[in-house]
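A short worksheet on the structure shown next.
The values are calculated or read from the model by the stated rules, or taken from the named source; none is laboratory data. Everything numeric in this text was worked out from a predicted model, so none of it was measured. Neighbour counts run over all protein chains shown; Cβ positions are idealised from the backbone, glycine included. SASA here: full protein model, heavy atoms, side chains in, ligands and nucleic acids out. Shrake-Rupley method; radii C 1.70, N 1.55, O 1.52, S 1.80 Å.
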Amino acid sequence: MIFATVSIRIAGTDSVLRSTVTDGKGRFKLVKGRPGNFEITLTSVGYDPARLPITIPAGNNSVNLGTLFLSPRTELLKEVVINNKPVLIEEKLDRTVYNVERDKSLTGGDAIDALRRVPLLSVDIDGNVTLRGSANIKVLINNKPSTITANNLADALKQIPVDQIKSVEVITSPSVKYDADGSAGIVNIVLKQDRLRGILVNPDMAFGTRASFLGINGAYNSKKMAFSIGGFGRAAYNVTGTYDNVQTVAAERISQQAATRRNELSANYSMGWDYDIDKHNFLNAAVRYSQFNSHNHRDDLVSNFYNGSGLDSTLLNQVEVSGRSGTVDATVGFTHAFVRPQQELSFLTLFSRTDGRNGFTNAQQNPADGSSIGRLENDDRSSNQEITLQADYQTPLDSNQLLEFGAKYIIREVISDYNYEIAAGNDPFAVEASPSLTNRFAYHQNVTAGYLEYTLNTHSPISLRVGARYEYATISAGLRDPGAALPDIPSYGVFAPAVNIGWRLTNGRLIRLAYTRRIQRPSIQFLNPNRVAPDPGSVTTGNAALGPEYSDNIELGYNTAIKDITLGFSGFFRRTTKAIESVSLPVPEGDTILRTYANIGKESTGGLNLFASLNVGQKLSLTGGADVYYTELEDNGPSTGAGGPGLAGHNTGWIVSGRLSGGYTFAKGWSLYLYSYYRGSQVLLQGYQTGFPYYSLTLKRELPKKRGTIGVGAENFLSRGISVTTNLKSASLSQSTTDLNHTLSLRIYMSFTFGKLKVEREERRKKAITNDDLKKG
């Protein structure tokens, strides 16, 4: 039991010689040197105190008490039975944990569906994730980074099946053991890993009007070894909608309309191996391969060009934007546990590589008869590779003190080989030789890091964790054809301290205060100079001169329980300098808008997050929450840092989002689950983006002997679709873009279980590499 008070006293007396508090795993250690007869007392809120006599013989330095148990108080027994339902949301010293495997309404989706339910997170219609209003987060998978998330985070999340996710951890105040990157925090997706003996095979599937999936997972665990293997495939189809865009640059105006459709195919294969060499040495290895293939169409894109109030011309285009990628992640870790409790040494390695091919085709047609006028094609073949070496050591200084330190070295290499091709009518394509359109971009980054952290659990209710981390990044970048020059990119270092303080009240409530200093390095999609222009009047490109952004974060949290209701509150303030933001600029002497990225002056955000969870018996459960914060974005013109365009823009506003979900269990194994979410309007440097609702309803039935489940579900069944409008405005341009997606979806679910796992093994705490230093889109 965590946070239980443990005291030692001389047998037959009430004078406490020493006391401590159990850690996050319910463990404790008391130091009492002289031999004799003593008594251990254990107390915790809601439980009867327990007393255990012990004898410390002469010459014996330690006594192992084994596993101790506390019994619920008799007068609270009824409440204990009522709250026997597993907790969906947990609050810890530095993070909020959403237990995805306990959310029975989540079936047949992907990681995006899971993250929509997590407190503090907001997910837009395209799957882009923000934490407390900031997209500057790091996403880990089983505490490990992956190049799969470096190119496009939303696409990466679509490759992770929700049925393989155990929990999602939102780490708002990361310790210095994590990389200093991730200005707003870290999101860790923890996948399921069975630790029982036996063989288990679990196939599950869903068939729907807009998406279907098929997956199978297997596990075999013996006394010293554990094996797991899994495969998953998901197809999204019939995802249609409309696109409307109106933009003005000086006296030039463009009005565009198109029908949209999207098709996606993703796959995920994994294999894991754990080996307990002996009681002190442990080895683990894992390999994961992910694939993604997407095609986004704008059919019959009509573009009307105006000069003043008069119509100049009309274009008709057929546009397709495609993306394909394959990612391999391989990890090997070794841990040596010393005889002394909590003393460990670990070595970890990671190899991660993503090979991708992205591009677009634009076929221009005669609006009168549809005949071909010309074609434009962009092809970008890229690779993103990381090799990481890491060592960590921890040792207790006393029964209530822990010292940890470690080092890491990351080698990154990113290659983008891109080219433009054009064709007149139906003629063959010819490559555009301009170095600004056809080139090879190479980016190399090596990061050296070290950290030191100290943890103290005092005899009082206060606990402290303080540490510091230093990182130094060396960078080199270049183009194959120097006709398009790159600016100099300097190397840089950062000192990142972190302080976490917890105060446990006598009623079991927890107050926590934290300060962290973070850095956010731009990842490849922010740096790549490849110019992507699938639509007339629009160009998107990266900025190779981007520097990192720096943020200071302060957080104050409070958690309590009132009868059957669990409540959590947290207030925060984040100040970011040289913040990396998307900016829109007019292309000189034209009607085209260029979208790129820049280190703007500063971003300041403060607000309040709250959540509540209610369990009524074994039948009804409700969970809800709200996020309210105020943000200010300001660009200081020429002083925006590397690559800053000098917008001198400024925008402020309130952002409010909320979620509510619940489940009710009927007789004979039937259950009904409802989930609803509203994402509030987002504040942008040059404008805002409107909010939208999302909801789902699922009816499921558990098969006899818990051999599986069947069910039906519906999403957004009360509306035609979800419409999101982005409005941008500056002194030189204005733009309003509306995307409507038809999101009504019906599904049939089926899941089966064959085999059985039993006889639980001792769970080993695993170390993991956590590269969390690249800004994601």
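Odds and ends about this structure:
- Entry remark, region 138-157: residues being assigned to a strand (DSSP E or B) and either within 11 Å of the chain's Cα centre (by Cα) or at positive phi (or both) number 4 in total.
- Within region 597-616, one or more residues are open to solvent by 60 Å² or more (accessible area, probe 1.4 Å), aliphatic (A, V, I, L, M), closer than 22 Å to Gly185 by Cα and within 24 Å of the chain's Cα centre (by Cα).
- Residue, nearest to His295 (Cα to Cα), within region 249-259, restricted to residues that are part of a strand (DSSP E or B) and open to solvent by 40 Å² or more (accessible area, probe 1.4 Å): Ala259
- If you go through region 580-616 and keep only what is closer than 30 Å to Ile89 by Cα, β-branched (Val, Ile, Thr) and in contact with a strand residue (DSSP E or B) (Cβ under 6 Å, 6 or more places away or on another chain), you end up with just Thr605.
- For region 707-718, the set of residues classified as open to solvent by 30 Å² or more (accessible area, probe 1.4 Å) and either at pLDDT below 85 or within 27 Å of Leu684 (Cα to Cα) (or both) consists of Arg707 only.
- Applying the condition of being aliphatic (A, V, I, L, M), modelled with pLDDT of 90 or more and outside any loop (DSSP other than H, G, I, E, B) to region 730-751 and asking which residue is farthest from Ala206 (Cα to Cα) yields Leu733.
Yes or no, residue by residue, for (1) in contact with a Pro (Cβ under 6 Å, 6 or more places away or on another chain); (2) in a strand (DSSP E or B); (3) of a type in the set (Val, Ile, Thr):
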residue: Thr314; (1), (2), (3): yes, yes, yes
residue: Arg324; (1), (2), (3): no, yes, no
residue: Thr327; (1), (2), (3): no, yes, yes
residue: Val339; (1), (2), (3): no, no, yes
residue: Asn362; (1), (2), (3): yes, yes, no
residue: Gly370; (1), (2), (3): no, no, no
residue: Leu389; (1), (2), (3): no, yes, no
residue: Pro396; (1), (2), (3): no, yes, no
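- Tyr675 passes every criterion in (1) open to solvent by 30 Å² or more (accessible area, probe 1.4 Å); (2) within 27 Å of Thr209 (Cα to Cα); (3) assigned to a strand (DSSP E or B); (4) in contact (Cβ under 8 Å) with a residue 24 or more places away in the chain apart from (1).
- The set of residues in region 709-733 that are under 23 Å from Asp163 (Cα atoms), free of Cβ contacts under 8 Å to residues at least 60 places away in the same chain and β-branched (Val, Ile, Thr) comprises Ile710, Val712.
- Residues being open to solvent by 40 Å² or more (accessible area, probe 1.4 Å) and either under 24 Å from Leu403 (Cα atoms) or hydroxyl-bearing (Ser, Thr, Tyr) (or both) - total across region 466-486: 5
- Search result, residues across region 200-242 that are of a type outside the set (Ser, Thr, Tyr) and outside any strand (DSSP E or B): Arg210, Lys223, Lys224
- Test result for Ile489, under 30 Å from Lys602 (Cα atoms), open to solvent by less than 40 Å² (accessible area, probe 1.4 Å) and touching a residue at least 12 places away in the same chain (Cβ under 8 Å): yes
- Within region 190-215, the residues that satisfy the criterion of being surrounded by fewer than 23 Cβ atoms within 10 Å (Cβ to Cβ), at pLDDT 85 or above and of a type in the set (A, V, I, L, M, F, W, C) are Val190, Met205, Ala206, Phe207, Ala211, Leu214.
- Condition met for Asp278 (assigned to a strand (DSSP E or B) and surrounded by fewer than 16 Cβ atoms within 10 Å (Cβ to Cβ)): no
- Conditions (1) open to solvent by less than 70 Å² (accessible area, probe 1.4 Å); (2) closer than 19 Å to Gly272 by Cβ; (3) not charged (D, E, K, R): number failed by Val332: (1)
- The set of residues in region 392-441 that are among the hydrophobic types (A, V, I, L, M, F, W, C), within 27 Å of the chain's Cα centre (by Cα) and surrounded by fewer than 19 Cβ atoms within 10 Å (Cβ to Cβ) comprises Phe405, Ala407, Ile411, Ile415.
- The listed residue being surrounded by 18 or more Cβ atoms within 10 Å (Cβ to Cβ), of a type in the set (S, T, N, Q), over 20 Å from Thr726 (Cα atoms) and in contact (Cβ under 8 Å) with a residue 60 or more places away in the chain, out of Ser290, Ser303: Ser290
Quick grid of which residues meet (1) over 28 Å from Ala626 (Cα atoms); (2) without any contact (Cβ under 8 Å) to a residue 24 or more places away in the chain; (3) outside any loop (DSSP other than H, G, I, E, B):
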residue: Gly483; (1), (2), (3): yes, no, no
residue: Phe495; (1), (2), (3): yes, no, yes
residue: Tyr515; (1), (2), (3): no, no, yes
residue: Gly547; (1), (2), (3): yes, no, no
residue: Asp552; (1), (2), (3): no, no, yes
residue: Asn559; (1), (2), (3): no, no, yes
residue: Gly568; (1), (2), (3): no, no, yes
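- Every condition in (1) closer than 30 Å to Ser436 by Cβ; (2) in contact with a Leu (Cβ under 9 Å, 6 or more places away or on another chain); (3) acidic (Asp, Glu) is met by Asp392 except one, and the failing one is (1).
- Of the residues making up region 491-526, those that are within 14 Å of Tyr443 (Cβ to Cβ) and more than 21 Å from the chain's Cα centre (by Cα) number 1.
- Residue check, Ile593 over 28 Å from the mean Cα position of the chain (by Cα), among the β-branched types (Val, Ile, Thr) and within 25 Å of Asn245 (Cβ to Cβ): yes
- Residue list for region 682-708, filter: without any contact (Cβ under 8 Å) to a residue 60 or more places away in the chain and not in a strand (DSSP E or B): Thr690, Gly691, Leu703, Pro704, Lys705, Lys706, Arg707
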